[in-house]
Structures are given as structure tokens and as C-alpha cells.
Amino acid sequence: MQLSSFLLIVAGFLTAFSCRDTGMSSDQERLPMRPLTSVEQALVTADNSFGFKLLAAVNKEDAGKDVFISPTSVSVALGMTLNGANGATRDSMARTLEFSGLTQQDINTSYQSLITLLKGIDPKVIFQIANSIWYRPDLRVEQAFKDVNKQYFDAEINSIDFGSAEAPNTINGWVDRNTNGKIKEIVPNPIPRDMVMYLINAIYFKGTWAYRFDPANTRDDAFKLPSGSAAPCKMMSMKATLKYTETDQCQVLDLPYGDAGYSMTIVLPKVGKSIDDFAGALTQQQWNIWMAGLAKKEGDVYLPKFKLEYEKKLNDVLKAMGMGLAFSPGFADFTNIDTRGGLFISEVKHKTFIQVDEEGTEAAAVTSVGVGRTSFGDTFVMRVDRPFLFVIRENNTGTILFMGKIVQPKF
């Protein structure tokens, strides 16, 4: 393979369910898996389609930079949040997540079964997924909202004083544990006063290559950058019979893990092709064509070792994808969380980690959906930082003693 920029898809719905034939030898064939129901398959298709669109939107903001996202993590966190949305807010979120045509019950039951399948699909691969919801004690969370997310997403639900010194450490401790220490924190310290709820998904993945790279064959090499210059890298290599296809635009290679329940698919644009153009134009249809073209072929593989930590606030990305109403104070409708209203998505934060070496791949992802309130519980926030009027009055008679306007305060 050429040494230049490349795309990779690691684990998740994309590889675990999209391909049935892995191209492995008879003693390493994938373990039998029950067929997906039509609704489960619809959810997988929706998640993958959302993932490609999310990659394109993120890539547009981070052109020329390394990017690593988990569409599964983002989709699950927003899927939990969707259970609290109502009316036009729910409709716009569902469209953005590519859930059109699926009922909320379809979405919830399919996530429940697919998460179970992902956990048990390959005994030689560690795949862990966990969900949690944290909220202020004075938020009147509907019991139905808590019940549905506990039942279908196995969410751990906790009421905690966000103003306490322990709250950020408690939530971030949960993140740390559920990513095997790869992601240490997702909420700030202190937690913002107007934040009333966090819905968090955490994923941890560790897989060893079905065909491992021999460390003795790893060499110092050069990696071609988009600018035309080169950067040093540690290049792994092996000869193996793997699933491979090639077009006039790119090369596509599938590297299986464990018993081939999961794989890393690498897309390498031909020399002269832009990696950002590829990432921005990738669709479910194009992906399906590549997957259908994969066939067993012997070849020499050269892959650089790499480690990456990535962080992205997804507010603008999700707004651009059609979810703007959910972020709009005073207009978003999350009355299925708290019937008093006033809730909106304040922040969607995404953090990931990946390490690829001769043994295999270790990866983790966390997505937090921070829910804010336009008026915080039964209190309020009033920041007098612009011109204002004021009156001094006597309260029993209502007599106004003084009136004034301040345009520029001086002291």
C-alpha cells in the first residue's frame, strides 16, 4: 500500500454487522450470529448513514487534521436524549440521526438487542459499552424517562448535587472506569450552574489482530503529508491473505481482529487524491460498494503505528446537520424529561482515544450530552452586564422615590 493519508473504520456497527464474509481461513471463520431483524437492520443502516454524515461534517471543520470519532457513541448518547424530546424537537433529532420511519419503541428495542450482540459477538475482542444519566436533585425528571433509558440502554441513573466539589470527580470517575483509564474526564470542574443533566455514553474496545504484525519487521519510514512533505513513522509490515479491493480512486483493505467479529477497514486514496475530499464524500452507498467488492487476496501490507487523542464539541456540527432546534433555549421541547419545560441541549462533547500497534488496537470513546435550563429550577440567573433601569421605592405604599438609567457604570 502507498504511504500517505488514509481513512480507517474501527469496530462498531460498520464492521460488526455490514459484512458477513471475512475472508479468513477455515480455522478462523467468524462465530455464528443470529440474523438481524428488519428493524435492527434499519437501525444499523440509520446509524451508519448518520456516521458517514457526521464524519463529513466534522471533517469540514477539521480539514487537514487528524480526526477520530465514534458514531456509535454519539448516536447512543443522543438516542437516550431522544427519549426526552417532544414534538418538532424530537422530529428534527430523529431526522438528523437518520431515524425517520422508526418509532421510538423500534429505536429503543433495537439498541437494546444490538448492544447485547456487540458485547458478545467475539470472545477474543473486548467490547464494553456503558451509559449513565446524572441530574440535579431539583430537576423533576419524569419516571417514564428514567425507566425507558434504564430498561433499553441499561443506563445508570443518579441524582447528584452539581454544585458540590465531589460531583465532577464522581462523574469523571465513572468515565475513567468505563474507558479503562483511556479517557479521564468529560465534564468540567466546576460544573456550569445552568447545566441540569448529563447523558453519557462510554465505549471501550481492545482487539488483537487475527494476523499479527511481527515487531521484528517494524522499520523507521516516511509518511507522506498532504502538504507534500514527509514525517517519520514506525511502519509495520506483513504478508497475508486478506479481504481487499481496489478502484481507480482508492485501495480498501480489511484487517480482522480475534475471531473476525470486528475488523479495521482502511481506505487509502490513490496518489494525488485528497484525503479530505474522500472523508467529505463518503456515503453509505459508496461504503456498500466497497464492502461488496472485498475478496481474498494475498498481499504485502504496510501500516504505521499510531496513537491519537481527539476531542470535539459537536454543537455546531449537529446544528448544521439539522438538529438546531434541540439547542435553542426557549424553543427546544424536552418536556418528556421535565414537564415544566425550559430544557435544551447546551453541549454535546465527544472525546476519543486510539492506539494501533503490532498487537492490535485499543480504542475508547465518550459522548456527553449536557442539558441546560433557560430558568434554573425555581431560581434564576440575572447578569446585569448591559444598560439597565432602576427604581428605589417604598414597599408599603408603593411610592417611587428615585428612578434612573445606567448606560456606563462608574465607581
**Study point:** Backbone HN-Hα couplings from phi across the stretch 204-220 [Karplus 6.51/-1.76/1.60, Hz, Gly and Pro as x]
**Key:** 10, 9, 9, x, 8, 4, 5, 10, 7, 7, 7, x, 5, 8, 6, 10, 5
Exercise for review: Can you bin the stretch 177-291 into rounded, prolate or oblate? Criterion: square roots of the alpha carbon gyration tensor eigenvalues sorted a ≥ b ≥ c, rounded for a/c under 1.5, prolate for a/b above b/c, oblate for the rest.
Suggested key: prolate
Check your understanding: Which of the residue pairs K273/K349; K206/K305; K65/K305; K124/K243 have a Cα-Cα distance greater than 23 Å in the structure shown?
Key -> K273/K349
Practice item. Let me know the shape class of the stretch 179-221, please: from the alpha-carbon gyration tensor, a ≥ b ≥ c as square roots of the eigenvalues, rounded when a/c is under 1.5, otherwise prolate if a/b is greater than b/c, or oblate. Key: prolate
Revision key, fill the gap. By the C-alpha gyration tensor axes a ≥ b ≥ c (rounded if a/c is under 1.5, else prolate when a/b exceeds b/c, else oblate), the shape of the stretch 223-300 is oblate
Check your understanding: Residue-wise, which Karplus ³J(HN,Hα) couplings in Hz belong to the stretch 71-86, taking 6.51 cos²θ - 1.76 cosθ + 1.60, θ = phi - 60°, and x for glycine or proline?
Key -> x, 4, 4, 4, 5, 5, 4, 6, x, 5, 4, 4, 5, x, 7, 9
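Here, each number is a calculation from the coordinates, and none is a lab measurement. Note that this is a predicted model, so its numbers are computed, not measured.
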